[in-house]
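No lab work stands behind these numbers, since they all come straight from the coordinates. This structure is a prediction, so every number in the text was calculated from the model and none was measured.
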Amino acid sequence: MKNMIKILVVALTTLSFSALGFAQAKPATPATPATPAAPATEKKTEMKSEKAKTHRVTGEVTSLDAKAGTFAVKEKDKEIKLTADSKSAKSALEKVKVGDMVRVSYTEKDGKMIASSVKAEPKTTAAAKPEKATEKKADVTEQKPATK
């Protein structure tokens, strides 16, 4: 009985060590494919740095040439000159006129601002908002005496 237990323990121990050996075995790879992998990682990092960040600007259109796809948007104190690149941006420019408020998503590429989307914004003035609020309050005050 003791001999059976010893044989069983030795067999299980041998089996477990051989399984660990297989788990840690590395596949045989030649050294030459490893060197091209390094430039591939460099290309990936270069692509990440070249990937343009999308910016957004909301402002008033100060100049517009819909046929050429160029326009300028003034936001607060700065004016940004943009070029529409996509068909959707160019078609949106045809609907916009100078003085309209727009929201533009753009990227900077080779020193040029390339607009990817142009959306017309409704004009809202600071004076218009309080008038609406006072009208609503006036309606509420007029209704209160009528209900009593």
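Beyond 20 Å in Cα-Cα separation lie the following of the pairs 53/81; 67/112; 53/95; 53/109; 87/123: 53/95; 87/123.
Working note: Karplus 6.51/-1.76/1.60 with θ = phi - 60° gives the range 98-106 the couplings 4, x, 6, 8, 9, 10, 10, 9, 8 Hz, where Gly and Pro are set to x.
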